[in-house]
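Presented below is the structure to which this report refers.
The values are calculated or read from the model by the stated rules, or taken from the named source; none is laboratory data. Predicted, not measured: the structure shown is a model, and the values here were computed from it. Here Cβ is always computed from backbone atoms with ideal geometry, including for glycine, and neighbour counts include all displayed protein chains. When the accessible area is computed, the model is the full protein with side chains, heavy atoms only, and any ligands, DNA or RNA have been set aside. Shrake-Rupley method; radii C 1.70, N 1.55, O 1.52, S 1.80 Å.
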Amino acid sequence: MKIYDISLEISDNIPVYKNKSEKKPKISVTRTLKEGTNEAKIEVDLHTGSHADAPYHVLPNGKTIEKIPLDRFFGKCVVLDFIKVKGCITSNDLKKYSSKIKKDSIVLLKTRNSPMKTFDFEFAYLEKSGAQFLASKKIKAVGIDALGIERNQEGHPTHNALLGKNILIFEGLELSKVK
């Protein structure tokens, strides 16, 4: 099995959602080798960089991240190419990949968002119909190379369609080098 690191490096200049300064990591040296050991402290918003959304993110009675079994975060995966999509990925866009999307797989949506250097307010995202289509395929997770899987949808219908079916969401992925 080939394993790819698709996480964003946490640093002072990591892109953050809507360029919100409160989401920027705070990294500081707390102790130096001269004092015995090199140590650092990092304070980071859990929605910074590459992260997973658990059902509790949008569902009041949804599972919290620590209650989700570890095997839900890895497994067989398919990378779908949506680099040419400018706005949203819909069910119609996904249907052409229908035979590649298997039950209990992880679906990664590779878009024009990778590599992410700054936050793009017009990022490519997964629209509600696309989320419903993926949920009907009974996948275990979906990931995207944007800091959010949806963009400005009132009520978070994409999140609800996926997390309501216990399908994990991985956001902030770096997919530019993954085929």
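Read phi for every residue in the range 41-54 and hand back ³J(HN,Hα) as whole Hz from Karplus 6.51 cos²θ - 1.76 cosθ + 1.60, θ = phi - 60°, with x for Gly and Pro.
Computed from phi, the couplings for the range 41-54 are 10, 10, 10, 9, 5, 5, 9, 9, x, 6, 7, 10, 9, 8 Hz.
Name the residue, out of Y97, Y17, Y125, whose mean-square fluctuation peaks in a Gaussian network model built on the chain with Cα pairs under 10 Å.
Y97
Please report the accessible area of K26 (heavy atoms, 1.4 Å probe, ligands and nucleic acids excluded) in Å², nearest 10.
Only protein atoms counted, so the area is about 110 Å².
Bins of 5 Å, beginning at zero and ending with the bin holding the largest distance: percent of Cα pairs per bin for the range 82-154, please.
3, 17, 30, 25, 16, 7, 2
In a GNM of the chain with a 10 Å cut-off on Cα contacts, which of T118, T48, T30 has the highest mean-square fluctuation?
Of T118, T48, T30, the Gaussian network model singles out T30 as fluctuating most.
Give me the dipole magnitude in Debye, nearest 20, for the range 64-149 about the Cα centre, with unit charges on the beta carbon: positive for Lys and Arg, negative for Asp and Glu.
So the dipole magnitude of the range 64-149 works out to roughly 400 debye.
Can you give the net charge of the other residues whose Cβ lies under 13 Å from the Cβ of H156, counting K and R as +1 and D and E as -1?
Neighbourhood net charge equals -3.
Could you state the accessible area per residue of the chain in Å², with a 1.4 Å probe and every protein chain left in place?
Accessible surface, normalised per residue, equals 59 Å².
Could you check which residue among R31, R151, R72 shows the biggest mean-square fluctuation in a GNM of the chain with a 10 Å Cα cutoff?
R31
Which value in Å is the Kirkwood Rh of the range 58-109 over different Cα pairs?
13.4
Any idea what the relative contact order of the range 76-154 is, in percent, if you count C-alpha pairs under 8 Å spaced at least 6 apart?
It comes to 39 percent, rounded to a whole number.
Note the listed values (1) 18.4, 54; (2) 17.7, 56; (3) 17.1, 60, then indicate which one is Rg and Dmax of the Cα atoms in Å calculated from this particular structure.
This structure yields the entry labelled (3).
What is the percent carbon and sulfur in the accessible area of the chain, measuring with a 1.4 Å probe over the protein chains and ignoring ligands?
Solvent-exposed carbon and sulfur of the chain make up 53 percent of the total.
For the range 1-156, what's the relative contact order in percent, using C-alpha pairs closer than 8 Å and at least 6 residues apart?
Averaging sequence separation for qualifying contacts and normalising by length gives 21 percent for the range 1-156.
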